[in-house]
Structures are given as structure tokens and as C-alpha cells.
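The values are calculated or read from the model by the stated rules, or taken from the named source; none is laboratory data. Worth saying up front: this structure is predicted, and the values here are computed from it rather than measured. Quick reminder, even Gly has a Cβ in these numbers, built from the backbone with ideal geometry, and neighbours come from all protein chains shown. Just the protein is used for accessible areas: all its heavy atoms, side chains included, with ligands, DNA and RNA removed. Shrake-Rupley method; radii C 1.70, N 1.55, O 1.52, S 1.80 Å.
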Amino acid sequence: MGLDPHHPLRRGHFGACIHTGSLKRPRISSPEKPPYQFILVKRKGPVYPVRVGNTGTHIKQSGARTRTMRFTRYLVPTLREDPSDAAVTSHRLMLRAGLIRKESAGMYLYLPLGFRALRKIIDIVREEMERAGALEFLMPELTSADLWRESGRWEAMGREMIRIKDRNGQEYALAPTHEEAFTAAVRSIVSSYRDLPLNAYQINTKFRDEIRPRYGVMRSKEFIMKDAYSFDMDEEGLERSYQAMRRAYRNIFSRCGIDTIPVEADTGSMGGSDSEEFMVASEVGEEVLLLCPDCAYKANQERAEYKRTEPKGGGPAEELRVVDTPNVKTIDELAAFFKCGAERFLKSLIYLADGKPVMAVVPGDREINEVKLKNALGALEVELAPDSVVEDVTGAPVGFAGPVTKKKIRAIFDPAISNAHNAITGANERDRHFAGVNPERDFQITEQADITSAVKGDACPRCGAAMNERKGIEVGHIFKLGYKYTKSMNLTVLDESGKAVHPIMGCYGIGVNRTMAAVIEQHNDEKGIVWPMTVAPFQAHLVAIAKTDEETAAVDEIYDMLSGAGIDVLYDDRRASAGVKFADADLIGMPIRVTVGKSYFKDGEIEVKLRSESEAKRVPKDEFLGHIRGLIEKEWGRYT
RNA sequence: CGGGGUGUAGCGCAGUCCGGUAGCGCACCUGGUUUGGGACCAGGGUGUCGUAGGUUCAAAUCCUAUCACCCCGACCA
């Protein structure tokens, strides 16, 4: 059906194009229609949470149209200026585009537009989890202290866990994670090996009393997390569950349109063996990653290994001698005093490992990696010892500690120390250092472990190439938990022989809000957000540039046509100038922009533009729907 | 918790040094003219100047205390 340019504005002009009954619906835009229509509808039934569309399809089969997707009925409080407290791109754009507002530090509310995007991400997560065979639960947020006491974490979690009491003095935690809750639930439900393997997950709020919330929803006190827990009979089963999650995570992030870098990670206080974090490379990332350019090695700095290349120094071994070093304490001061490089010094720091003093000895140009140190010592907590303890165990003020000592203190050495030659170190005496220090002769390497951080340029532990450093945002983390919870909380099932055995667990998390922020970090330009089709709040944004009631009615019909065809469309029907509308459309960033203005009223051509491209295309009305559908398919296909 | 900074209208800010009873831009409301990249005219202030004390004839401004928020650091399943 071709457009008759002489009568483009006649009502019913699109009749042949419009799906079921779209013309019979009342127009809420008519001045005599009160705006409360949609409010009544909303109050009738559950409106939260709402599934968008049919699972697995991205163009709805029938037009479940509502009249609330008009700007004049919707709520898109865009900000023309940058909020002063937003330091990073995603935070700034989320506020400006009217997706979120701050409730207080570390707590954000989602406005309708922002919640739609969040829901799109949640839907993708849910689909991929279900596809991987996981079962969705919903756990309480308020968890009793007894649950945490069983695993020993009521004490171990520290102040990060928010604790409250009810009127009877019963203690609870606002759950920061749900290992205990799921273990207890499975314990009471499952009793046979026939019920395993089981992967139980939920998409729910988590509470953590972050020391410093920052970067908007990137690090907040309250956030939505998808957390999953797998229970298997043995390690082979766990490996299968783990690999299934590994695949699911890759699918989830690629469908959300973000490039992630999977890296080897520390398993943290959870214990366990294999662990992989999904990182989004970003300047505002809070994690440091070491990436090998030549092989596949990628690791979080907390864990990254590196080859020690420092050669054993040349020349004959010098005599051990004492040097007066008045007030020379720091490595920089020492390097200046001795006129040599920082690597010549044996940096010796006193830590408290679960309260007991330990001397950690590393090359002077290296940073101690406290995560590695903690793991090497088998400690739950390590912290730098206070000055008083340092003086106590070394017999000297801070700055003069060294491994050459008769004092009895546990000492742990980085492997590079065994290559030290004629080194310089504190003499455990005020204002004195030893020079000509050599291992084995002057001190014994009693314990050796990798306790320093790899940095840019260090040799890859696999292939030896110089590694690169990047900052990353952690959006997902999977790891093998082992038996920690099933044993401490005594979860057992009967095996084939009727014997009670502890299942082995895995744990898999995705920060949903953080993923949304990461999407925006990767998809924006100077004008605003550029949503990937898969997570965009709406698929299309219809901009009306109409002057008369007739023209307005004609644009309304385009809206009817789109929404009637099952396309998620946000309709800017405001009486505002074109510039304002275009600027807002760019800011909130729906993937397809449809402009109906003079080119339509004059030539019957609808203007279609991708947010990610600068050129618009004029499409005749009879090709319009097909064109839009094609664009949606094409854009959707980019992220699957 | 340490260091730095900021709290004045929905947002961005000036006014604080030197006390005199609150202002600018945008947004918002009313009427009109406009309408293809953040229009214009006319009218409208929507504010316990973060909070509580104190000094003073008089406090956004000076003093004291306190709270909140932001940045850097320490910390972080």
C-alpha cells in the first residue's frame, strides 16, 4: 500500500498496517480524557516485578500497549547540567538521563526508565541461569544471627555486615551474601544424592556497610545481586557446575553488550580453589588486572604471579658491616643515602597475622601483597603492626627492622630475597643499618612464599612476556567453595551406599546494578547513553515534531502502529522544541530514533536513525514497520 | 578512621573575607507568539541559607557544637 501524498493526515490512513484493534482504543491524549486511566489499571493488579515481553523473544507477539509510554504521562526528569557529585561517566549519565536518583550516600532509587533497563538485565540473567539449569529462589533479607554463628561468620564478617535487633533483642543481619541461608535451606530440603546436583539462585538485594560508597551504583551499600550456589556430590560434579556457570556468565555479559575480561582471582575469605572474576576494563575500576599480551594469562593483582628475574648480583660477597644511618628510614631516603637502587634493600615490615607478629621481607622496590601474605601465612586477618609492637619485636623504632636478628620472630621471605647479594637492611637498632648482607650466611630463609604484587612489565608466570596492567570493574565472580559451609553447617545427603556425605559447593555472583553501570561506561558518547538493543529501556524513541492537531493525530497513529506491532516505544509527545526533544533522545539513548515531522507531513517519509550512527534514513510509511523490525533484529543480533 | 573540600530554590552556582534581612542561569507555573538540534515576550519565587546554640539593635555572613555529602587514602564475600 503506497502513501497518498495528497491525504497523508487522514485518520485511519494506516489501518492496513495496524495490528489487532489498535484504532479502537481510546486516546488518552484527548484533552477531555482525564489522566487517571493508567493509575486505576496500575492499582488493580501486581505491577512489580513485571516481566517484559515473552522470554526469549525481543519483539512482542501482540501489542500489549499501554498509554503510559508517552512523555507527557511518563516521567523522564533529565538534567541539563551535570550533577556536581557525579565523578564518573556512568553515574553522571544515569543521573542526567533520569534513570536513578540518590536517596543518600550509597543508596539509590530507580526511576521507571532506569528500572526498565535494570529489568532487562535481570531478564537476561534469569534466562541464562535457567538455561544452565539453575533454580530460582527468593531468600529473606533479614537473616538471624544463629545462621551466621553456625558458620562462624557472625564474628568473621566484621563491621561490613549490618546488624540489627528486633524489639525482643533478637539479633539479625541484613544479608550481605547468602551462603549460610542457602546451605541451611538445602539442608532442610534435600536428603539424597538423587536431589543433586542442585544449583539454587536468587536475584535479590544485598546490604554491605561499605566504608566508602562511591561512583554511584558502582559501589553502594544496598545493591541487587544474582547469587547462585551449587551443590554436588564430588569434585567432578562441581567442575561441571562451575563450567556451566562459566559459560552462562559469558553469555550474560555478551548479551548485555559488555566486553568482560575473565581473570584468575583470589578466593578471599571464602576459601576454595578455582576462582574467576569477570572484569570490565575501565579507568574507574577499583581492581588492578595483569594481562599477558602473548598468552592467555590474566589475573587480578591480588593473585597475579610473576617470574622473578632479578639475577644474583656479581662480585665477591662483602663483609657484613654496620652503617650509621641517622634518621634514614624510608626506602627513598635509604636509596639517596647509599646512592643505589631500591632493589638493593631488604624491606622488612612487621605484620600482625591474627594478632601474632610476623616479619615480611621483600625487595625494597616491591610492594607487599597483603592478600598473598594472608594466604601464605594461613591467617584470617593480616594488618601492619602498630609502632609499639614493632619496637617490641625488633628492639628499634619503626624503619630499622631487618631479618638479621637474634630475636625470635616468624619471618617470611619473598622468593626474590634468595637472590639478594650484598644487600642493605635495618639493623634492628636505632639509626643503624647493615650493609653487605647475604642470605644463608647472615640470616636463614626459614619460610619462602610469593608475597609481593606483580606490576606492569613483570614477566608472565606462564610465558615470560612483559605483562600489561589495566584497571577493571568486577561485575561477576565465580568460584569453587569446597566443603566450608556444608561441613561447618553439617549439610549431608545419603550417597548410593546409604552413607551421609557432605556435598561440595560452588558460589557464583553477579552485581546487577554494577553491570548496568558497566554497560553505560562502555556505551556512551558526548551526548549521552547509547544503549545496546538488548538492555535498552525501550527499543525505539518516537519524536513528534507536529504543529497542528492534525499533525499530532498523524504522529499518534505512527505511535499506535509501532506499539501495536509489539515494539517497545517511548513517545515524546511534549509540546517542546525539536532541539529539546533531540537532546533528550540522545541523552537517554534508545537504540532507534524515529522522527515524524515535516518530511512526513510533506513527503510521507518517516525519519529513522540509530543512536549509534549519525546518518538518518528516510523511509516511506509502507516500508516503515518492516524497516524498524529489521533494525531491531540487526541490533539485537550484535549482542547474542 | 586520617587528609582535603562543599552544604544558599528542582539542577548548576554567586553572595560569606568586610553583618543591614537573599540573588543569577537553567528548570518549573500562567498567558501569548513559536517549533527540524537545548526558542521568545509578559507575569510568577516555589528558600526553616544543612541543624542547634551563642554574639549583636541586626547573622547566609562572626563564634561554638553537630549533621550530611563529595574527593584522596586506609578497607573491601
**Q.** Dipole axis of chain A (+1 Lys, Arg; -1 Asp, Glu on Cβ), positive-most option in A:93, A:539, A:400
**A.** A:539
Q: Work out the charge dipole of chain A with +1 on the Cβ of Lys and Arg and -1 on the Cβ of Asp and Glu about the Cα centre, then indicate which of A:359, A:502, A:608 is farthest towards its positive end.
A: A:608
Q. Rounded to the nearest 20 Debye, what is the dipole magnitude of chain A about its Cα centre when Lys and Arg each give +1 and Asp and Glu each give -1 at the C-beta?
A. 2400
Q. Just in the stretch A:144-226: which trypsin sites (Lys or Arg not before Pro) are loop by DSSP and have at most 11 other Cβ atoms within 10 Å?
A. A:167
Q | Charge dipole of chain A about the Cα centre (unit charges at C-beta), most positive-ward option of A:463, A:145, A:115 | A | A:115
Q) Roughly how big is the stretch A:321-437's charge dipole about its Cα centre, with Cβ charges of +1 (Lys, Arg) and -1 (Asp, Glu), in debye to the nearest 20? A) 460
Q: Could you look at the stretch A:321-437 and say what percent of its accessible area is carbon and sulfur, using a 1.4 Å probe and all protein chains?
A: 49
Q | Cα-Cα over 26 Å, subset of A:527/A:617; A:298/A:347; A:329/A:356; A:527/A:602 | A | A:298/A:347; A:527/A:602
**Q.** Difference of contour (0.36 nm per residue) and Cα-Cα distance, residue A:614 to residue A:324
**A.** 97.4 nm
Q: Let me know the shape class of the stretch A:60-169, please: from the alpha-carbon gyration tensor, a ≥ b ≥ c as square roots of the eigenvalues, rounded when a/c is under 1.5, otherwise prolate if a/b is greater than b/c, or oblate.
A: oblate
Q.
Per residue of the stretch A:354-363, what does 6.51 cos²θ - 1.76 cosθ + 1.60 with θ = phi - 60° give for ³J(HN,Hα)? Whole Hz please, x for Gly and Pro, Karplus curve as stated.
A. 6, x, 9, x, 9, 9, 9, 10, 9, x
Q | Loop-located GluC sites (Glu not before Pro) in the stretch A:506-611 whose Cβ has at most 10 other Cβ within 10 Å (DSSP) | A | A:526
Q. At a 1.4 Å probe, what is the % contribution of carbon and sulfur to the accessible area of the stretch A:186-296?
A. 44
Q: Give the percent of DSSP beta bridges with both residues in chain A that are antiparallel, rounded to the nearest 5.
A: 80
Q) What's log10 of I(q)/I(0) for the stretch A:105-207 at q = 0.20 Å⁻¹, Debye sum over Cα points only, no solvent? A) -1.13
Q: Would you pull out the residues with amide H under 5 Å of residue A:303's amide H, same chain only if 5 or more places away, H placed 1.01 Å from N?
A: A:266
Q: Loop only per DSSP, at most 16 neighbouring Cβ atoms within 10 Å: give me the GluC sites (Glu not before Pro) in the stretch A:386-476, ordered by residue number.
A: A:440, A:447
Q: Based on a Kirkwood Rh over C-alpha pairs, give the Stokes-Einstein translational diffusion coefficient of chain A at 20 °C and viscosity 1.002 mPa s in µm²/s.
A: 75
Q: Take the solvent-accessible surface of the protein heavy atoms, probe 1.4 Å, and return the percent of it on the stretch A:509-581 that carbon and sulfur atoms account for.
A: 47
Q: Send over a whole-number figure in Å² for the accessible area per residue of chain A, probe 1.4 Å.
A: 46
